[in-house]
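S.K.: Encoded as structure tokens, here's the structure I'll be asking about.
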Amino acid sequence: MSIKIHNFMGKLGWNMRKYFPQLSSNAYLKLQFTRRRKLQDQYIEYFLSSEEPPKPLVVNIETVNRCNSTCAFCTANIYAEKRPLMKIDDDLYYSIIDQLADWGYKGHLTLYGNNEPLLDPRIIEFHKYAREKLPDAFIFMSTNGLILKLETVQEVKKYVDQLIINNYCMDMKLHDNIQEIYDYVKAHPEEFDDVEILIQMRYLQEVLTNRAGSAPNKQATEKIITETCLMPYTDMWIMPNGKMGICCCDNFEVTDLADIHEMGVKAGWNSEKYRKLREDLRNGRQNYPFCKHCDFIDAGLRMVAVQDELNHSTVLHGAKQSLSQK
């Protein structure tokens, strides 16, 4: 594997995000909505036409609902957070992982939501258990890196396939601790053969999406968003209280699609509330009140996962047809 630094569109992109934040945000969203529309619609129709809802492509488990950063676009920053502090119960966490294992889950897993995972002192042990129970899952950690140490990287690399370090800053420079990690990994690549480390250069005051009206630096307008959204079809979003929320845009936890305590993981993914949400969003966000003004768009990994799932389903369908003709 490798360690690399990614800065979207380089210095030009950085300056656009810094000096023309609204223009940059709107141009990016317009581009992504246009580029992803066909594949997104194709996957949603595949999902809704399946006899049984396909498994989630990404399972997000927020183990503690706190962050230690000041990112201007995020409702979980230390100035904007409104939720009562909560950590997931140990027994609930282990039960979720056990249920995913029993379900045969092999998709993406991240112990992260609107939070900083390293604020949970159990996070390494939680990753270890997930790796033992879900050997075929793609496990990744996303951190802002503010309290990340080299020793932590050396420990967690045993259990994750990818470590994403978001270097939020104002000057397009690596923080000292992240620079130390970068230099060490570059000098000792053999120690990190089994993990990909991606450092993302992020502008601390960037304007991204309105997150259904909750983003501190980009409130929703009255504009109705007629695009649909992949998240309810790809992502299982589990909050520390054991409830399934709609996605990362619900940092204030106002949506409640299922309670794992009552129905478990698989049944929760197939709950009546989830089915209604998916049917409502099938033809656009205007059909679901929480989403109708939201301009959030999914991260790139979901498009890759969606394409992989569609390719896999096509291969399986072809194999079944061949068998039936024999």
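The values are calculated or read from the model by the stated rules, or taken from the named source; none is laboratory data. What you see is a predicted model; the values in this text were computed from it and never measured. As a convention, Cβ positions derive from the backbone with ideal geometry for all residues, glycine included, and neighbour counts pool all protein chains shown. Only protein heavy atoms, including side chains, enter the accessible area calculation; ligands, DNA and RNA are left aside. Shrake-Rupley method; radii C 1.70, N 1.55, O 1.52, S 1.80 Å.
S.K.: Among the residues of segment 9-27, what is the count of those that are surrounded by fewer than 16 Cβ atoms within 10 Å (Cβ to Cβ), under 28 Å from Gln179 (Cβ atoms) and among the hydrophobic types (A, V, I, L, M, F, W, C)?
M.R.: 2
S.K.: Can you tell me which of (1) assigned to a loop (DSSP other than H, G, I, E, B); (2) crowded, with 20+ Cβ neighbours inside 10 Å; (3) not aromatic (Phe, Trp, Tyr) is the one Arg66 doesn't meet?
M.R.: Status for Arg66: all satisfied but (2).
S.K.: Sticking with this structure for a sec: Is there a residue being over 12 Å from Ile3 (Cα atoms) and open to solvent by less than 40 Å² (accessible area, probe 1.4 Å) anywhere in segment 128-136?
M.R.: Start the filter on segment 128-136 by keeping residues that are over 12 Å from Ile3 (Cα atoms), which leaves 128-136.
Cutting the leftovers down to open to solvent by less than 40 Å² (accessible area, probe 1.4 Å) gives us 130, 134.
Yes, segment 128-136 contains a residue that is over 12 Å from Ile3 (Cα atoms) and open to solvent by less than 40 Å² (accessible area, probe 1.4 Å).
S.K.: Separate question: Those residues that are over 17 Å from the mean Cα position of the chain (by Cα), among the hydrophobic types (A, V, I, L, M, F, W, C) and outside any helix (DSSP H, G or I), I need them from segment 121-138; list them, please.
M.R.: If the condition is that a residue be over 17 Å from the mean Cα position of the chain (by Cα), among the hydrophobic types (A, V, I, L, M, F, W, C) and outside any helix (DSSP H, G or I), then Leu134 is the only one that fits.
S.K.: To continue, here is another question. Looking at the structure I just gave you, is Tyr43 under 30 Å from Asp193 (Cβ atoms), of a type in the set (Phe, Trp, Tyr) and in a helix (DSSP H, G or I)?
M.R.: Against the criterion (under 30 Å from Asp193 (Cβ atoms), of a type in the set (Phe, Trp, Tyr) and in a helix (DSSP H, G or I)), Tyr43 does not qualify.
S.K.: Would you confirm whether or not segment 96-112 contains a residue that is over 19 Å from the mean Cα position of the chain (by Cα), in a loop (DSSP other than H, G, I, E, B), without any contact (Cβ under 8 Å) to a residue 60 or more places away in the chain and surrounded by fewer than 17 Cβ atoms within 10 Å (Cβ to Cβ)?
M.R.: Looking through segment 96-112, at least one residue is over 19 Å from the mean Cα position of the chain (by Cα), in a loop (DSSP other than H, G, I, E, B), without any contact (Cβ under 8 Å) to a residue 60 or more places away in the chain and surrounded by fewer than 17 Cβ atoms within 10 Å (Cβ to Cβ).
S.K.: List, please: which pairs have Cβ atoms under 6 Å, are six or more places apart or on different chains, and start with a residue in segment 1-28 that is free of Cβ contacts under 8 Å to residues at least 24 places away in the same chain and end with one that is in a helix (DSSP H, G or I)?
M.R.: Hits for this filter: Met16/Ser24.
S.K.: Keeping to segment 276-310, report how many residues are farther than 28 Å from Ala215 by Cβ and in contact (Cβ under 8 Å) with a residue 60 or more places away in the chain.
M.R.: 3
S.K.: Those residues that are assigned to a loop (DSSP other than H, G, I, E, B) and on the phi > 0 side of the Ramachandran plot, I need them from segment 248-297; list them, please.
M.R.: Filtering segment 248-297 for residues assigned to a loop (DSSP other than H, G, I, E, B) gives 248-257, 270-271, 282-284, 288-297.
Residues satisfying the conditions are Glu253, Gly284.
S.K.: Starting from segment 213-224, keep only residues that are on the phi > 0 side of the Ramachandran plot and in contact (Cβ under 8 Å) with a residue 24 or more places away in the chain, then list their pairs with residues that are of a type outside the set (Asp, Glu) and assigned to a loop (DSSP other than H, G, I, E, B) whose Cβ atoms are within a distance under 8 Å, requiring at least 6 positions of separation or different chains.
M.R.: Gly213/Gln219; Gly213/Ala220; Gly213/His293; Gly213/Cys294
S.K.: Identify, from the list Lys87, Lys30, Lys82, Lys38, the residue that is surrounded by 14 or more Cβ atoms within 10 Å (Cβ to Cβ) and of a type outside the set (Gly, Ala, Ser).
M.R.: When all the criteria are applied, what remains is Lys87.
S.K.: Being closer than 20 Å to Gly145 by Cβ and exposed (fewer than 15 other Cβ atoms within 10 Å of the Cβ) is the filter here; which residues of segment 41-63 pass it?
M.R.: none
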